[in-house]
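Take a look at the structure below.
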Amino acid sequence: MLASRSIIKSGLFRGSARLTALKTIGAVVRIPETLQRRFFQSSSSIMAANFASSEYTSAFHDLPLPNTETLRMGALDYLQKYDPKLWYDDPICSLLNGDKLTSTAPLFKTTDFAGKENGHQHLATPEQNEALKEHIRNYKSPYTDIRPELRRIEEKLLTTHVGFLIGNQCVDFGKQDGITEMEESIMANAVERKLNDMVLQDETDGKITISRQPIYVSCVSNFTNFLDLFRKTIRSIELGIPCVVLSRSNTVQHSYRWTELLAQLLKEEAIDPGMLTYMSCTLDDVKDITQTCKDHTGNLYSTCSRALAENMMSGYPKTVASTGGPNTLVTTEWTEDVKDAIRMSATIECAGQCTALRHAVVPSSVTKDEINQLFEHVKDIPDAPTALKESMFDGIFPGHEGSLAPPGGEFMKHGKKDASYKISDDLPPDGIEEYWRKVAVDFTKMSPENDKNVLALASWLNKNQPITLAVNAPRTKTFDLGMSLFEKTGLVVYTVGSTDNDKNPCALTCQARPQEGEVFGEFPPRKHLRVYTRFPVVVPSSTPAYDSVYSTKYLESLSIPEDMGRARDILKDVKDKAIQGYCVELFKYLADATSENPKRGFGTSRTALWGLQRPPIVPGLKTVLRVRRSLDCMAPVYLLFFATNARDQVEVSIPSSNEDLISICEKDGIPVTIESEDQFDLRTTEEHPDKYYNIVRCDLEGPMK
């Protein structure tokens, strides 16, 4: 699956002429018309659920329309009856084969988002840890398809139990607006159900094999209902994949409670209880279990910080992590609406949303007093249920002790509000601290309309990889500025707004509706992707697809079309028939996915465009492929560039000892740099690291490894 990009435009493109002009954007992926015609005719054979394919696009239609007031009333009714004693009287514990694993050992005290005690937990004993290992190593799923049962469960969760889900998250994580998450979940679940149907059909047709080894679900607290319960756990179990849900060090109560509820609902549907396990374990025990059972398990899915993802990936290479980044807002004007956009983006869910603002680029004329005044209107709230009642999402919990505040010597603290900021004429250093659940903003005073500054900002964005970039300027200028930054970067979500038109308001960083084609993802910097994750993740997508492989028989059945020009010559030199077929499959996918690129989103509140994007178009910036073995290792990656308008953005590096590969590349007209491993490392990581957007080591045995 290729990396996705969403371009979110806040109502800027009302006219068809402007939308038609977008078809010529150089930053989106295109392939030559001859290949487009040749492959699009047979695109129906590709894996249907791949991002941006025609079948993927069809999944966004006929979605349910949730009643948000019904959701709110359900949550408020649950909160009114909520008894805090329950989480003490019924402590968290491991769940194994439908049984609760308790002990006489002292109970551990759990804490909420503010660091306040909120319940008890049984941590697994050594004997219980061994029982968990035994189950994970030896359990074999008896199912390949239990969609009807799981979808009946899903319906109950989204109706009968919806107040339970929203309410528990509200009191444990301090979620102010669980309504919007549940609205998104109801609609996006429908998309991902269709994508799961496509994946299962591809397996039935013999194209792929879905791994049914147990997977781990490492829960995120701020979006656990949609991301963990539905798109990871339920979507996996319904295709016969056992799930092991991991406990957390804090805000653990609400994810345990949905696991316990799901176990009960599985029992009511007569589903084998071994399909769902909960590990109430210390961090050291989690590491021990995941590492000692790694030959028997599939992916570990997590949405977390980059530091945590790196730690997990180092011990468990099958980690599939979505990671945060310093979300950035750029503005050429300092208006009341811009200040509102900055304030709301910085305080959303008390800085506990993955799209919360961390960095703002503002005009050089903005003063310290003006920035300090911006936070005057931040709203203090006593608790999350109050925010839920009042339909708020951007209140802050002043002085909470659930996470560390920014250091006083480095940041300035507002005199009355629990908000910190830093002001500089320079861009922040790479890798700035997130300060999760604390309002902290780095302000860079610079003109983003200056070409030199735009290049510097683009370079910083590519190194630090925010999830979202919001761009605001007068309506006559904002599209050009947004397009310039879009073409020079490789982020996932871009939002463009205006500073002088009420009908086209300012853009926030904290907005994306994946159910409407505003496809979402949290990617690490491309060059370092494998430090943090096995694959990048997009939403919506089919979670089981991330642990599926193509059938060798299917790939070997794909023949090389005649009219492919030089691409045919390269493919004929690929020796492994399965890899050759995989390259043909990639060509078919590109032809299908780019037949309309970008695509129009499906929402009505703003105009959205989404699809495949080229690597950043910056002079001299390239992706380098280091190939030490064979053309078979290199071809699936190289041909993605060769077949598209990104052909001049890749270079190939080969050691001088590999004379056979050098000869093949010369014959096929592939430019190469011949150098030793030491020369390559020196050039790409020490002498000219900024010249390389991505470094790909093509040393794998094949595309299915």
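The table below lists the values:
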quantity: Cα-centre dipole for the stretch 274-414 with unit charges at Cβ (Lys and Arg positive, Asp and Glu negative), debye to 20; calculated: 420 debye
quantity: Proximal charge balance of residue 128 [Cβ under 13 Å; K/R count +1, D/E count -1]; calculated: -4
quantity: Surface per residue (accessible, 1.4 Å probe) for the stretch 100-250, Å²; calculated: 33 Å²
quantity: Average Cα contact separation per residue, the chain, under 8 Å, 6 or more apart, as relative contact order %; calculated: 19 percent
quantity: Chymotrypsin sites (Phe, Trp or Tyr not before Pro) within the stretch 112-151: DSSP coil, no more than 14 neighbouring Cβ in 10 Å; calculated: none
quantity: In order through the stretch 65-77: 3J(HN,Hα) via Karplus (6.51 cos²θ - 1.76 cosθ + 1.60), integer Hz, x for Gly, Pro; calculated: 10, x, 8, 5, 5, 5, 4, 5, 5, x, 5, 5, 5
quantity: Helical contribution to [θ] at 222 nm, DSSP H n ≥ 4, -39,500 (n - 2.57), averaged over the chain, rounded to 500; calculated: -10500 deg cm²/dmol
quantity: Whether the stretch 168-240 is rounded, prolate or oblate, judged on the alpha carbon gyration tensor where a/c under 1.5 counts as rounded; calculated: oblate
quantity: Above-threshold pairs, the threshold being 32 Å between Cα atoms, out of 85/156; 294/667; 100/527; calculated: 294/667; 100/527
quantity: Integer Hz, Karplus 6.51/-1.76/1.60 couplings in order for the stretch 302-314, x for Gly and Pro; calculated: 8, 10, 6, 6, 5, 4, 5, 4, 4, 5, 5, 5, 5
quantity: Heavy-atom surface of the stretch 334-475, accessible at 1.4 Å and reported per residue (Å²); calculated: 41 Å²
quantity: Three-way shape label, the stretch 557-691, alpha-carbon gyration tensor, a/c 1.5; calculated: oblate
quantity: Cα-centred dipole magnitude for the chain, charges only on beta-carbon of K, R (+1) and D, E (-1), debye, nearest 20; calculated: 980 debye
quantity: Reciprocal of mean inverse Cα separation for the stretch 85-238 (Kirkwood radius, Å); calculated: 17.8 Å
quantity: Sparsely packed trypsin sites (Lys or Arg not before Pro) within the stretch 189-226, loop by DSSP, other Cβ within 10 Å at most 16; calculated: none
quantity: Estimated distance in nm for a label pair at residue 688 and residue 401, the labels positioned 7 Å out from Cα along Cα-to-Cβ; calculated: 5.5 nm
quantity: Principal axis box of the chain, alpha-carbon based, largest edge first, Å; calculated: 74, 65, 50
quantity: Sparsely packed trypsin sites (Lys or Arg not before Pro) within the stretch 90-174, loop by DSSP, other Cβ within 10 Å at most 16; calculated: 116, 140
quantity: Sites residue 463 and residue 100, calculated FRET efficiency, Cβ-Cβ separation with R0 45 Å, nearest 0.05; calculated: 0.45
quantity: Efficiency of FRET from Cβ geometry, residue 433 and residue 144, R₀ 30 Å, rounded to 0.05; calculated: 0.10
quantity: Radius 12 Å from Cβ of residue 432, net charge of other residues (Lys, Arg +1; Asp, Glu -1); calculated: -1
quantity: Relative contact order computed over the stretch 55-208 (Cα-Cα under 8 Å; 6+ residues apart), in percent; calculated: 33 percent
quantity: Taking the stretch 511-592 and dividing mean pair separation by its residue count, relative contact order in percent (alpha carbons under 8 Å, at least six apart); calculated: 21 percent
quantity: Dipole of the chain, positive end: most advanced residue of 239, 465, 625 [Cβ charges, Cα centre]; calculated: 625
quantity: Net lengthening on full extension, residue 663/residue 307 (0.36 nm per residue, minus Cα-Cα); calculated: 123.9 nm
quantity: The stretch 686-692 - phi-based ³J(HN,Hα) in whole Hz, Karplus 6.51/-1.76/1.60, Gly and Pro as x; calculated: 10, 6, 9, x, 6, 7, 10
quantity: Protection proxy ranking, peptides 592-601, 346-355, average beta carbon neighbours within 10 Å, highest first; calculated: 346-355, 592-601
quantity: Distance (nanometres) between label positions extended 7 Å along Cα→Cβ at residue 109 and residue 335; calculated: 5.1 nm
quantity: For residue 607, distant residues with modelled amide H under 5 Å away; calculated: 9, 11, 12, 13
quantity: Distance in nm between pseudo-label sites at residue 453 and residue 679 (7 Å out along the Cβ direction from Cα); calculated: 4.3 nm
quantity: Theoretical gain in end-to-end length, residue 67 to residue 365 [0.36 nm per residue, Cα-Cα removed]; calculated: 102.8 nm
quantity: Fraction of accessible area attributable to carbon and sulfur, the chain (%, probe 1.4 Å); calculated: 50 percent
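The values are calculated or read from the model by the stated rules, or taken from the named source; none is laboratory data. A quick note: this is a predicted structure, and the numbers were derived from the prediction, not measured. Because the Cβ atoms are built from the backbone with ideal geometry, glycine has one as well, and the counts that use them run over all protein chains shown. Ligands, DNA and RNA are excluded from the accessible area calculation, which covers all protein heavy atoms including side chains. Shrake-Rupley method; radii C 1.70, N 1.55, O 1.52, S 1.80 Å.
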